[in-house]
């Protein structure tokens, strides 16, 4: 069995899901599927960073409402974001009042927080766990690139950080049709790419490593799944992933899509597609899991990818290490 692989003997149940996105995301191809669309970039707050916290809180609220839970019913919350010290998540979790595990996986955080939630459940630490993450275009730009007022030119390889958040509530005791059956924790992979405007290329090798490890360790193949969806490799990274997987002996082309490709239309000027924690989080909770609930698909490999740079590493011109984490979602009823 591959390192980092966990195949669950008993399922973990997805009992709640929720999301909240920004105006641009609401105008995209998936806009009708999101729970809540904010009307302005500030989300009614006085800073983009506070808005990012509000997005997470709204996503979790929508997840709680869907499964009729109160904040007090959550035993543990695991959350993360792109800001320094995951501060948006810390403020959001403070309002919940549950034991908090802060997580940093960059854009892989939706899968990372889900894996954290599963481990909390199977270990007996908790019976109901929330997994939350989000991002904001404006706060991410001024932390990792340039303030918006600078008006820097974005090259074609650049991706657009999604303003949005997603939340899952998982249970070890309350049955539901949608379950989690497997996990693959990814390794850090660094191919020496240092261009902040080409993150898809930086993350694709990590995604290929994780997906290949899952297939090898589990004995499964692309043919066993209705859909294989990555977090936010975008158009460039997604193409690279398909090529690497073919070299590794796995053809995923007829099952594969990427959240960064799905969330924006070609005329929305997102260049190479969407990115950010909120990209895979909102697409998973708003579009993919409902397809499982309705029986349109019965098994899904969801793999969120993250570029693990920090503002300091960017300033020092270091390469961008990347990671990808995978979650296997299964519909238990026919």
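The values are calculated or read from the model by the stated rules, or taken from the named source; none is laboratory data. From a predicted model like this one, the values you see are computed outputs, not experimental measurements. Using ideal geometry, Cβ is built from the backbone for each residue, glycine included, and neighbour counts are taken over all protein chains shown.
Say whether the condition of being assigned to a helix (DSSP H, G or I) and not assigned by TED's automatic domain parsing to the domain that holds residue 268 is met by at least one residue in the range 78-85. So far as the range 78-85 goes, yes, one or more of its residues are assigned to a helix (DSSP H, G or I) and not assigned by TED's automatic domain parsing to the domain that holds residue 268.
Entry remark, the range 235-268: residues being in contact with a strand residue (DSSP E or B) (Cβ under 9 Å, 6 or more places away or on another chain) and under 17 Å from residue 29 (Cα atoms) number 10 in total. Residue 232 passes every criterion in (1) assigned to a loop (DSSP other than H, G, I, E, B); (2) in contact with a strand residue (DSSP E or B) (Cβ under 6 Å, 6 or more places away or on another chain); (3) modelled with pLDDT of 95 or more apart from (3).
If I filter the range 293-301 for residues that are in contact with a helix residue (DSSP H, G or I) (Cβ under 9 Å, 6 or more places away or on another chain), modelled with pLDDT under 95 and either surrounded by fewer than 23 Cβ atoms within 10 Å (Cβ to Cβ) or in a strand (DSSP E or B) (or both), do I get at least one hit?
Initially, the range 293-301 is screened for residues in contact with a helix residue (DSSP H, G or I) (Cβ under 9 Å, 6 or more places away or on another chain), giving 296-301.
Retained after the next criterion (residues that are modelled with pLDDT under 95): none.
Scanning the range 293-301, I find no residue that is in contact with a helix residue (DSSP H, G or I) (Cβ under 9 Å, 6 or more places away or on another chain), modelled with pLDDT under 95 and either surrounded by fewer than 23 Cβ atoms within 10 Å (Cβ to Cβ) or in a strand (DSSP E or B) (or both), so the answer is no.
Being part of a strand (DSSP E or B) and outside the structural domain of residue 286 (by TED's automatic domain parsing) is true for just one of 158, 167. Which residue is that?
Values: 158 fails: part of a strand (DSSP E or B).
Every option except 167 fails the conditions.
Using the structure shown, decide if residue 203 is modelled with pLDDT under 95 and closer than 22 Å to residue 132 by Cα.
On the way: modelled with pLDDT under 95: yes; closer than 22 Å to residue 132 by Cα: yes.
Judged against the criteria, residue 203 is a match.
For the range 102-133, residues that are part of a loop (DSSP other than H, G, I, E, B) and either surrounded by fewer than 24 Cβ atoms within 10 Å (Cβ to Cβ) or on the phi > 0 side of the Ramachandran plot (or both) total 7. Pairing each residue of the range 186-200 that is assigned by TED's automatic domain parsing to the domain that holds residue 270 with any residue that is modelled with pLDDT of 85 or more and assigned to a loop (DSSP other than H, G, I, E, B), provided the two are 6+ apart or on different chains, yields C-beta distances under 6 Å for 188/321; 190/319; 190/321; 192/319; 193/320; 194/319; 200/233. If the condition is being in a loop (DSSP other than H, G, I, E, B), out of contact with any helix residue (DSSP H, G or I) (no Cβ under 6 Å at 6 or more places or on another chain) and either surrounded by fewer than 22 Cβ atoms within 10 Å (Cβ to Cβ) or modelled with pLDDT under 95 (or both), then the range 42-77 contributes 44, 46, 47, 68, 69, 70, 75. Restricting 254, 267 to those that are in a helix (DSSP H, G or I) and surrounded by fewer than 15 Cβ atoms within 10 Å (Cβ to Cβ) reduces the list to 267. Between residues in the range 61-75 that are at positive phi and residues that are part of a helix (DSSP H, G or I) and at pLDDT 95 or above, which pairs lie under 6 Å by C-beta distance while being six or more apart or on different chains? Within 6 Å, no pair qualifies.
Do the conditions hold for residue 320, that is, is it touching a residue at least 40 places away in the same chain (Cβ under 8 Å), more than 23 Å from residue 187 (Cβ to Cβ) and in a loop (DSSP other than H, G, I, E, B)?
no
From the list 165, 90, 111, 106, exactly one residue is modelled with pLDDT of 95 or more, touching a strand residue (DSSP E or B) at 6+ places or on another chain (Cβ under 9 Å) and over 21 Å from residue 46 (Cα atoms). Which is it? Don't jump to the end; show me each part of the working.
Working: 165 fails: over 21 Å from residue 46 (Cα atoms); 90 fails: over 21 Å from residue 46 (Cα atoms); 106 fails: modelled with pLDDT of 95 or more.
None of the other options fit; the residue is 111.
Exactly one residue among 249, 260, 238 is free of Cβ contacts under 8 Å to residues at least 12 places away in the same chain and either assigned to a loop (DSSP other than H, G, I, E, B) or within 19 Å of residue 111 (Cα to Cα) (or both), and that residue is 249.
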